[in-house]
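None of the figures in this text is laboratory data; all of them are computed from the coordinates on show. Being a predicted model, the structure only gives us computed values, none of them experimental. Cβ placement follows ideal geometry from the backbone for every residue including glycine, while neighbour counts extend to all protein chains displayed.
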2 protein chains.
Amino acid sequence: MATTPAKRITVTIRPKAGLRDPEGNAILHALAALGWEDVENVHVGKTVTFDVGADTDDAARAEAEAMCRKILANPVIEDYEIVVGDTGS
Amino acid sequence: MATTPAKRITVTIRPKAGLRDPEGNAILHALAALGWEDVENVHVGKTVTFDVGADTDDAARAEAEAMCRKILANPVIEDYEIVVGDTGS
C-alpha cells in the first residue's frame, strides 16, 4: 500500500461528573422558560472529529489518546471518549 | 406506571459542511505544531445530553427536534443529530 490509510476519529469531551456545568445549567433554564419543564441532567460537551493516518484502529486510538492528554481535553476537569471509524473515502 | 419514564437524549451539533470552522482550524494548526502533521478535516461540534420525560423513543425524538429548532442549534449554519437512549436509572 502506497499511503497510510486514514481513520476517522471522534472525540467527545465532557465535564467530569459532579463538576459544575454552567452551560448545561443555562440550557436547562432556557428550556424550562420555553415550557420544557420535564428536562433534567443537562450536560454540554464538545466533539472533535478528524482524520488521522494510522494502519490500525488501535494505532489511531493511541494517537487520539495522546492528543487528548496533550491538547484536546483537560484531564483534571474533563472526561473524554474516543470512537475510531473509517473515513468515508 | 405513576410517572412518565425518562429518555436520555444526546444531541450533536456541528457546523454545516463547507462552512468555516475556526475552532477546528485552530486545533488542526495546534496539532501540526506538536508534530501531528497527518491530521486532516478537523471539525468541532457541541453535544448536549439530557433526560426528558417521554413514553416512547419517537416522542422523545420529536421533543428533541423541537428543542433543536427552537434553541439548541442554529439550523441556518448548523446540522444536528439526535440519539435517543434510556437513562441509566
Practice prompt. With θ set to phi - 60°, apply the Karplus curve 6.51 cos²θ - 1.76 cosθ + 1.60 along the stretch A:13-23 and write out the HN-Hα couplings as whole Hz, x wherever there is a Gly or Pro.
Written response: 10, 10, x, 4, 4, x, 7, 4, 10, x, 5
Worksheet item: Along its principal axes, what span do the Cα atoms of the protein assembly as shown show, with the longest given first and each in whole Å?
Response: 61, 34, 27
Practice prompt. For chain A, run through the trypsin sites (Lys or Arg not before Pro) and keep only the ones in DSSP coil with at most 11 other Cβ atoms within 10 Å of their Cβ.
Written response: A:Arg20
Fill in: Expected-Rg normalisation [2.2 N^0.38 Å, Cα atoms] applied to chain B
1.41
Worksheet item: Between copies, how far does the label point of A:Ile71 sit from its twins, in nm, shortest first, when each point is 7 Å from Cα along Cα→Cβ?
Response: 3.5
Worksheet item: Among the listed pairs A:Lys16/B:Lys7; A:Lys46/B:Lys16; A:Lys46/B:Lys7, which are separated by more than 19 Å between their Cα atoms?
Response: A:Lys16/B:Lys7; A:Lys46/B:Lys7
Discussion item. Compute the distance from the alpha-carbon center of the stretch A:36-69 to that of the stretch B:4-35, in whole Å.
Written reply: 9
Worksheet item: If you put +1 on each Lys and Arg Cβ and -1 on each Asp and Glu Cβ, how big is the dipole of the stretch B:6-86 around its Cα centre, in Debye rounded to 20?
Response: 300
